[in-house]
Amino acid sequence: MPKDWTHRRERTRARLLEAALDAFAERGFHGASIENICEKAGFTRGAFYSNFSGKDELFFALFDASSDQLITQLHAALEQCRASPDPVGAFIALIDDKGPDQRRWYLISTEFTLYAIREPKAAAVLAEHDARLRREAAGVINELMSIADRELIIDTELVARLATALREGAAAQVYVEPDAVGARMLERLAFPAMLRAFSQPVHRPSDRH
């Protein structure tokens, strides 16, 4: 396959994804049509269907891109918190971003989740993508515990589920009450407390002397 053709296809796909983000944020997942997305991207329906089978597949491509971006952010935060006397507190402060881009994605992903709850086929695919992200997040949590000289006493993926529920719940409160100090402090207070509750200090042989 010629490289120029591959590059054009990649650029087309990227423009469709960016246009979909804007269209979904403006009109909602159901309100935004394929025509809306194509118009924003400057392409025809043919270009759309040569890349995606429909809006569900388009959403999951956005989901994976958002997940990759989040995991990159989490790994960067891990490196920055290594020298901190409070690595867990430093880590959560570094990833506590509730800016416009995060708000946009929260709106889109929350609406799709509600749709998936009603549609078993969409729910099954969403669960697969969630599981992939959760496994990546579990690895980050294990590394964070290692940096903090602690070890989890329950399954790491369960902790990842709890962290996700906390993060999404805290985000909902911040976006509804952007000026509420309590809403903005929720994640920074609860996340370290949760990790302490479900972990213990690492006991090394030298600790006994």
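Data for the structure
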quantity	calculated
Residue-normalised accessible area of the chain, given per residue in Å² at a 1.4 Å probe	58 Å²
Crossing angle, helix 120-147 versus the chain [Cα axis fit, 0-90 degrees, rounded to tens]	30 degrees
Accessible surface of the chain [probe 1.4 Å, protein heavy atoms]: carbon and sulfur percent	54 percent
Cβ-based net charge around A25, under 12 Å, with every Lys or Arg adding one and every Asp or Glu removing one	-1
Cα lying deepest toward the dipole's positive end in the chain, options L189, L17, A148, charges on Cβ	L17
Net dipole in debye of the chain [+1 Lys, Arg Cβ; -1 Asp, Glu Cβ; about Cα centre; nearest 20]	260 debye
Relative contact order %, the range 110-185, counting alpha carbon pairs below 8 Å whose residues are six or more apart	18 percent
Whole-number percent relative contact order across the chain, with pairs defined as alpha carbons under 8 Å at least 6 apart	18 percent
Crossing angle, helix 156-176 versus the chain [Cα axis fit, 0-90 degrees, rounded to tens]	70 degrees
Kirkwood hydrodynamic radius of the range 102-166, Cα pairs, Å	13.3 Å
Span from the the range 88-105 Cα centroid across to the the range 126-192 one, whole angstrom	11 Å
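The values are calculated or read from the model by the stated rules, or taken from the named source; none is laboratory data. As the structure is a computational prediction, the values presented were derived from the model and not from experiment. When we count neighbours, we look across all protein chains shown, and the Cβ atoms used for this are built from the backbone with ideal geometry, even at glycine. Ligands, DNA and RNA are excluded from the accessible area calculation, which covers all protein heavy atoms including side chains. Shrake-Rupley method; radii C 1.70, N 1.55, O 1.52, S 1.80 Å.
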